[in-house]
Ligand code: ADP
């Protein structure tokens, strides 16, 4: 196995990710878990596990990013998610453009330049609408696993429009729809449409420069990709491991690959 150059840690609000890269910038190991209340303790455990798996000895550049990055005392330094996502996605897809990152509790639109650096961005971390949490609430209410949400929305024969832009009000609206016998798949389709509408309006504010790229855990949801594509009449490209892009970018910055 090629030697490990650096480790990236993305201590997100919803999931905690670690990525190890070699000197060529290839991913040689990774970890992904729901974030625990003591993320710094969780990271220590995950670092021990990845170091044991890759038989690492000695110090390595270790870069932290994500919501909890400043808590990670084992990191050599910390870098914003904007820079790390841009770096990871640019490296994976090989070009600049407009990157939409949708995580568990925030969403961002990042203009990625031709050198992989962010040139502009906008972030929504104040409101759960337009984030994975918006979908998760309803998933729990309808008893649908998060990984099945997109498929169910795409299979819907109809669509229940969700007019509330606030997660709390949307939840009341959904409870009322369920009580009136609406098809859960139609509700899910409407919910995805609402999330995508929020994200697209943020993207339009920043300006859409093709290609349109998608990262974060919600990029694993096929309905989100399809609806963004329909709404913008653009192809949406997704890196191989969209949820790992923050940690990957952090590792690349540490390894200087
Ligand atoms: P953060 O970095 O903000 O902690 P992530 O980028 O890991 O968050 O994204 C978490 C979100 O990704 C969850 O809220 C969930 O909606 C979504 N998600 C995670 N796994 C899947 C999956 N397999 N299919 C669809 N959505 C997923």
**Complete:** Those residues of the range 84-122 that are farther than 18 Å from residue 209 by Cβ and either free of Cβ contacts under 8 Å to residues at least 24 places away in the same chain or surrounded by fewer than 20 Cβ atoms within 10 Å (Cβ to Cβ) (or both) come to a total of 2
**Message:** Quick check on my filter: what residues within the range 147-169 are touching a residue at least 12 places away in the same chain (Cβ under 8 Å) and within 22 Å of the chain's Cα centre (by Cα)?
**Reply:** 147, 149, 150, 151, 152, 153, 154, 165, 166, 167
**Asked** Can you name every residue in the range 137-170 that is under 22 Å from residue 202 (Cβ atoms), part of a helix (DSSP H, G or I) and at pLDDT below 90?
**Response** 137, 138, 167, 168, 169, 170
**Item:** Subset of the range 215-240 that is more than 11 Å from the ligand (Cβ to nearest atom) and outside any helix (DSSP H, G or I) - its residue that is farthest from residue 87 (Cα to Cα)
**Value:** 233
**Request:** State all residues of the range 125-136 that are over 20 Å from residue 33 (Cβ atoms) and part of a helix (DSSP H, G or I); if no residue qualifies, say none.
**Result:** 134
**Fill in**
Within the range 201-214, of all residues that are in a helix (DSSP H, G or I) and in contact (Cβ under 8 Å) with a residue 40 or more places away in the chain, the one surrounded by the fewest Cβ atoms within 10 Å (Cβ to Cβ) is 205
**Message:** Just the residues that are crowded, with 16+ Cβ neighbours inside 10 Å and within 16 Å of the ligand (Cβ to nearest atom), please, taken from the range 43-74.
**Reply:** 43, 46, 63, 64, 65, 66, 67, 68, 69, 71, 72
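The values are calculated or read from the model by the stated rules, or taken from the named source; none is laboratory data. Source: prediction; values computed, not measured. Virtual Cβ from ideal backbone geometry, glycine too; neighbours counted across all protein chains shown.
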